Structures are given as structure tokens and as C-alpha cells.
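Just below is one structure, and these are the notes that go with it.
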Amino acid sequence: MDVRGNAVTIPAGGADLPADLLIPAQPVGAVLFAHGSGSSRHSPRNLAVARLLSAGGLGTVLVDLLTPAEAEADAVTAELRFDIDLLSRRLAAIVDWLVSEQPFDTARIGIFGASTGAAAALVAAARRPEQVYAVVSRGGRPDLAGTALGQVRAPTLLLVGGLDEPVISLNRHALDQLTAPADLRVIPGATHLFEEPGTLEQVAEAAADWFHDHLHPQLTPA
């Protein structure tokens with residue numbers, strides 16, 4: 001499939017955030033990535049998932065949620081990576097930008113969150129219930145979304161490694177609090193970062209199926 005790359009800067013709540021877009025010729029949806037603790041838009045795991053999604057017709061947005069100065073400070077303090085309110089507000093602003101600028105035409109928007117980014121993704125989905133149609137969490141900390149879990153309307157898929165036992169427990173508890181359609185899937189033999197052979201591919205395939213099911217305009221109700 002023909003996929004075009006585009007580097008942009010997205011204004012988000014007073015910050016200018018660099019982002020890389022992968023734009024298929026006729027996108028069936030657009031997926032915004034929310035990276036995890038101490039990571040960036042260059043996360044090799046998110047890049048791998050984004051490439052698979054774009055090959056299947058889904059547009060992707062890989063974006064730095066912190067400015068360079070903030071990232072430098074966070075590398076020392078590790079505080080901003082857990083500032084779910086800040087990260088979710090920036091994700092919501094990026095959703096607004098996607099709706100306004102339409103780099104993927106009128107494609108519906110989903111969010112793919114990893115680790116702490118999954119909590120920010122869920123809070124952003126709760127903030128933008130009319131714009132976010134689906135959420136996928138990879139090794140996520142949905143517990144950090146707090147009371148926003150009960151306000152999420154987007155269908156949500158929670159993906160957790162089978163060897164990541166503490167996070168499995170946190171995701172099971174979050175699943176009970178979600179009122180939107182939701183599913184928890186455990187990837188056998190995977191640890192928190194899904195570094196074991198074939199495990200990240202399973203994440204990407206499950207995410208692709210979920211987003212196709214919930215973002216494709218011909219497959220979701222009006």
C-alpha cells in the first residue's frame with residue numbers, strides 16, 4: 001500500500017510538539033500514539049506497530065508529548081512522565097488538531113497508548129468522547145487514569161504480557177471500572193516491553209484488528 005510520511009509540528013496547549021505522520025492513500029482511520037515513561041516518538045516498539053498499522057490502511061501519528069526542555073528535565077526528575085493530566089490535555093489538543101487540519105481527511109481517530117501513555121490516552125478519550133472512537137493499551141497503566149475510566153466511551157482493548165503479573169492485575173481492575181465495551185487480552189510469554197520474539201507482532205495484529213473494527217466507517221454505527 002502507498003504510504004506517505006510527513007513531519008509536522010502540532011500546537012498543543014502552548015507547546016509546539018514535533019510529530020511524524022504516516023498517511024496511507026485512503027486511510028480507514030487515524031491512530032494517535034501516546035508513548036510511555038521516558039520514551040518519545042522514536043520508540044522502536046511504537047514505530048514497529050505504526051508501520052504495521054499503516055501497511056493495513058490506518059494513518060498513524062507519532063508525537064513527542066514533552067518539549068525538548070521538558071524531556072531534558074524529566075530525564076532527571078522523572079516527574080512529567082507521570083503527569084497524566086498534562087499528557088492527556090496535550091493528547092486532547094492533538095485530537096482537536098487532527099479534527100481541524102484533517103491530514104487523514106475525515107478518518108475516525110483512535111489512540112494507542114503504552115505504559116503511562118495508556119492512562120493519558122484513556123483520559124484524553126474521556127475528554128473527547130465525540131472524537132475518539134477506539135483505544136488500545138499496550139502494557140498500560142490504566143489505573144493511573146483514575147475516575148476517568150468510568151467516563152470513557154470509546155471501545156477499549158487492554159493488551160498485557162503474560163509474564164507481567166503486576167500489570168495484569170492492574171488491568172483486570174481497570175477492566176471492571178470501564179463502562180465502555182472493553183476486552184483484556186494476555187499475550188503468552190511476554191514481559192512488560194514485549195521484547196520476546198513474536199510478541200510485539202501479536203500486539204500489532206490485535207491492535208490493527210481492533211482499530212479496523214471500530215474506526216472503519218462502514219463497520220461502525222453512525
Inset, instruction - Determine, yes or no, whether ALA204 is assigned to a helix (DSSP H, G or I), within 15 Å of the chain's Cα centre (by Cα) and either more than 15 Å from PHE112 (Cα to Cα) or touching a residue at least 40 places away in the same chain (Cβ under 8 Å) (or both). - result: yes
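In region 66-84, how many are more than 11 Å from ALA12 (Cβ to Cβ), at pLDDT below 90 and open to solvent by less than 30 Å² (accessible area, probe 1.4 Å)? Steps first, please.
Filtering region 66-84 for residues more than 11 Å from ALA12 (Cβ to Cβ) gives 68-84.
Retained after the next criterion (residues that are at pLDDT below 90): 68-83.
Keeping just the survivors that are open to solvent by less than 30 Å² (accessible area, probe 1.4 Å) gives 74.
So the answer is 1.
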Inset, instruction - Might you check whether a residue that is among the aromatic types (Phe, Trp, Tyr) and within 27 Å of ALA174 (Cβ to Cβ) occurs anywhere in region 85-104? - result: no
Inset, instruction - Determine, yes or no, whether PRO197 is farther than 22 Å from THR60 by Cβ, open to solvent by 50 Å² or more (accessible area, probe 1.4 Å), in a helix (DSSP H, G or I) and modelled with pLDDT under 95. - result: no
Inset, instruction - Mind listing whichever residues of region 158-201 are more than 18 Å from SER115 (Cα to Cα) and of a type in the set (D, E, K, R)? - result: ASP176
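Restrict the check to region 85-102 and report whether at least one residue is out of contact with any Asp or Glu (no Cβ under 8 Å at 6 or more places or on another chain), in a loop (DSSP other than H, G, I, E, B), open to solvent by 10 Å² or more (accessible area, probe 1.4 Å) and acidic (Asp, Glu).
The answer is no; no qualifying residue exists.
Which residue out of VAL31, VAL63, VAL49 is surrounded by 22 or more Cβ atoms within 10 Å (Cβ to Cβ), modelled with pLDDT under 90 and within 20 Å of ALA107 (Cβ to Cβ)? Break it down into steps so the answer makes sense when it comes.
Values: VAL31 fails: modelled with pLDDT under 90; VAL63 fails: modelled with pLDDT under 90.
The conditions single out VAL49.
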Inset, instruction - Run GLU205 past the list (1) out of contact with any Gly (no Cβ under 7 Å at 6 or more places or on another chain); (2) buried (at least 19 other Cβ atoms within 10 Å of the Cβ) and report the number of the one that doesn't hold. - result: (2)
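Output the residues belonging to region 166-184 that are of a type in the set (D, E, K, R) and surrounded by 13 or more Cβ atoms within 10 Å (Cβ to Cβ).
Kept after step one, since they are of a type in the set (D, E, K, R), are these residues of region 166-184: 172, 176, 183.
Across region 166-184, the qualifying residues are ARG172, ASP183.
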Legend entry - Given (1) in a helix (DSSP H, G or I); (2) crowded, with 20+ Cβ neighbours inside 10 Å; (3) of a type outside the set (Lys, Arg), index of the condition TYR133 fails: (1)
Legend entry - Scan of region 157-189 for residues that are at positive phi and of a type in the set (D, E, K, R), ordered by number: none
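What number of residues within region 39-68 are more than 11 Å from the chain's Cα centre (by Cα) and either among the aliphatic types (A, V, I, L, M) or assigned to a helix (DSSP H, G or I) (or both)? Full working, then the answer.
The initial filter retains those residues of region 39-68 that are more than 11 Å from the chain's Cα centre (by Cα), namely 39-45, 47-48, 51-59, 64-68.
So of that shortlist, the ones also either among the aliphatic types (A, V, I, L, M) or assigned to a helix (DSSP H, G or I) (or both) come out as 44-45, 47-48, 51-55, 58, 65-66, 68.
Counting residues in region 39-68 that are more than 11 Å from the chain's Cα centre (by Cα) and either among the aliphatic types (A, V, I, L, M) or assigned to a helix (DSSP H, G or I) (or both) gives 13.
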Legend entry - ALA154 vs. criteria in contact (Cβ under 8 Å) with a residue 60 or more places away in the chain, assigned to a loop (DSSP other than H, G, I, E, B), on the phi < 0 side of the Ramachandran plot and crowded, with 24+ Cβ neighbours inside 10 Å: yes
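So, THR147, is that one open to solvent by 10 Å² or more (accessible area, probe 1.4 Å), β-branched (Val, Ile, Thr), part of a helix (DSSP H, G or I) and over 21 Å from TRP210 (Cβ atoms) or not? Outline the logic, then answer.
Working: open to solvent by 10 Å² or more (accessible area, probe 1.4 Å): yes; β-branched (Val, Ile, Thr): yes; part of a helix (DSSP H, G or I): yes; over 21 Å from TRP210 (Cβ atoms): yes.
Considered against the rule, which asks whether it is open to solvent by 10 Å² or more (accessible area, probe 1.4 Å), β-branched (Val, Ile, Thr), part of a helix (DSSP H, G or I) and over 21 Å from TRP210 (Cβ atoms), THR147 comes out as yes.
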Legend entry - Every residue from region 103-130 that is without any contact (Cβ under 8 Å) to a residue 40 or more places away in the chain and either surrounded by fewer than 24 Cβ atoms within 10 Å (Cβ to Cβ) or touching a Lys or Arg at 6+ places or on another chain (Cβ under 6 Å) (or both): THR106, ALA119, ALA126, ARG127, ARG128, PRO129, GLU130
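The values are calculated or read from the model by the stated rules, or taken from the named source; none is laboratory data. Being a predicted model, the structure only gives us computed values, none of them experimental. Reconstructed Cβ throughout: ideal geometry from the backbone, glycine too, with neighbour counts over all protein chains shown. When the accessible area is computed, the model is the full protein with side chains, heavy atoms only, and any ligands, DNA or RNA have been set aside. Shrake-Rupley method; radii C 1.70, N 1.55, O 1.52, S 1.80 Å.
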